[in-house]
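Report on the structure given below.
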Amino acid sequence: MAPHPQRLTVTGRTWALARPFTTAHGVRTTVDVVVAEISDGDSRGRGEGVPLGRYGESIDSVVATIDAMKGAVVSGLNRETLQHALPPGAARNALDCAFWDIEADRAYSSVAELAGLGAATPVVTAFTIALDTPEQMAELAAANRARSLFKLVLGSDGDIERVRAVRRAVPASRLIVECNESWSEAQLREYMPALIDFRVELIEQPLPAGADDALARLEHPIPLCADESCRTIADLDRLNGKYEAVNIKLDKVGGLTEALALAVEAKRRGFRIMAGGVIGTSLGIAPALLVARQAQIVELDGPLHLASDRVPGLRYDGSTIHPPEQKFWGQPA
């Protein structure tokens, strides 16, 4: 038990992006984040959530959801009971990560050790190139040619030209593509031969989540990764025969607790794991690094797309993410 009653505070903040970021759903120049902080007088923990418009979330709705949990936190809400108190989403993610952080602080241990994962190690992330003209995407890839893995955001006319241009710009790098539910079955069939020629290694969520049954009858030599089609463990049943991998994002699944459980079960069923993220600060990426240690593909480059990150934050050396320093998330002094 905590020596003093737990207190919860919640704050929202908008962070500017280094450059406009375009997907099939529109253009963004900023990102909203929400931070939950739990303290008991002696220890504290923080967690960051990024509202996902895909699930009807906004900064106001996430702040309100967390704010409504203040009484429960004072009354002894903990990480276990939280899983049933809130549905998956950014609010539960922020609170879940805050609980992990304060548990580590109370135990004078790291979250990695509490989760039974051992000491943290550096991981290599993909670098995401937002939807743009083939020329602009190729130019950004060429400027980052030292990176070993790129994720290309697609979802508009000319997608094959985009992949072709990037492949020419970085002939030695690995490529994966993200479609954001924007393709049709006919487009996927049409594009597959060219994507094979361009040595694309993974196609993420090509069809809308509600219309992906077609994948079961579609031959796809390139593995397919479920993003929006896989939010919780319960979704795994319907993925067999359609996807070979699942993208686990903390804000989507609702926290590190669910993410680790989903990774274990997905791996047990034979799915490859992609540790994914959204654009946010290092505070949101630090917990996801624990999922990355279970993953074959990592895409946690969100802070690299901000005009500025938290200070202190995570240290990126090119595409290598180093474990959190002491006093940052999950690493008590």
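Rule-based calculations on the coordinates, nothing more; no lab input. All of these numbers come straight from a predicted model, not from anything done at the bench. Because the Cβ atoms are built from the backbone with ideal geometry, glycine has one as well, and the counts that use them run over all protein chains shown.
About its Cα centre, the dipole of the chain is roughly 540 debye, where the only charges are +1 on Lys and Arg Cβ and -1 on Asp and Glu Cβ.
May I ask you to list the residues of segment 166-190 whose amide nitrogen lies under 17 Å from a point 7 Å from Cα along the Cα→beta-carbon direction of Glu135? Zone members listed by number: 166-169. The overall shape of segment 89-139 is oblate: from the C-alpha gyration tensor, with semi-axes ordered a ≥ b ≥ c, the ratio a/c is 1.5 or greater and a/b is no larger than b/c. Plainly put, segment 174-231 has a radius of gyration that is 0.92 times its Kirkwood radius, both from alpha-carbon atoms, as the Rg/Rh ratio. Labels on offer are [x] 121; [y] 138; [z] 147, and the one holding volume of the Cα convex hull per residue in Å³ computed from this structure is [x]. In the structure shown, the pairs Lys267/Lys327; Lys70/Lys249; Lys70/Lys267 are assessed against 30 Å; a Cα-Cα span above that value is assigned to Lys267/Lys327; Lys70/Lys267. What FRET efficiency would be calculated for the residue pair Asn240, Glu161, taking the C-beta separation as r and a Förster radius of 35 Å, to the nearest 0.05? With a Förster radius of 35 Å, E is 0.55.
Using every pair of distinct Cα positions in segment 274-328, the Kirkwood expression returns a hydrodynamic radius of 11.3 angstrom.
Given +1 at the Cβ of Lys and Arg, -1 at the Cβ of Asp and Glu and no other charges, the dipole of segment 122-216 around its Cα centre is 620 debye to the nearest 20. Backbone phi angles across segment 196-201, fed through the Karplus curve with coefficients 6.51, -1.76 and 1.60 (θ = phi - 60°), yield HN-Hα couplings of 5, 4, 7, 6, 6, 9 Hz in residue order; Gly and Pro are listed as x. Angle of helix 159-169 to the longest C-alpha principal axis of the chain, folded into 0 to 90 degrees and rounded to 10: 90°. 3J(HN,Hα) couplings calculated from phi for segment 39-55 with the Karplus curve 6.51 cos²θ - 1.76 cosθ + 1.60 (θ = phi - 60°) are, in sequence order, 9, 10, x, 10, 10, 8, x, 10, x, 10, x, 10, x, 10, x, 4, 10 Hz; Gly and Pro show x. Angle check, please: helix 134-143 long axis (alpha carbons) against the longest principal axis of the chain (alpha carbons), in degrees 0 to 90, nearest 10. With rounding to tens, the tilt is 60 degrees. Return the calculated 222 nm mean residue ellipticity for the chain, to the nearest 500 deg cm²/dmol, obtained by summing -39500 (n - 2.57) across DSSP H runs with n ≥ 4 and dividing by the residue count. Taken over the chain, the calculation gives -9000 deg cm²/dmol.
For Glu204, the amide hydrogen comes within under 5 Å of the amide hydrogens of Val177, Glu178, Cys179, Cys225, counting only partners 5 or more places away or on other chains and with H modelled in the peptide plane. In order along segment 176-186, phi translates into HN-Hα couplings of 10, 10, 10, 9, 6, 6, 9, 9, 9, 4, 5 Hz, rounded to whole numbers, per the Karplus curve 6.51 cos²θ - 1.76 cosθ + 1.60 with θ = phi - 60° and x for Gly and Pro. Across the options Ile297, Cys225, Asn247, the greatest Cα extent toward the positive end of the charge dipole of the chain (unit charges at beta carbon of Lys, Arg, Asp, Glu) belongs to Ile297.
Using only Cα coordinates, the Kirkwood hydrodynamic radius of segment 34-168 works out to 17.9 Å. Which FRET efficiency value, to the nearest 0.05, is calculated for Thr30 and Glu219 with the Förster distance at 30 angstrom and r the Cβ-Cβ distance? The calculated FRET efficiency here is 0.15.
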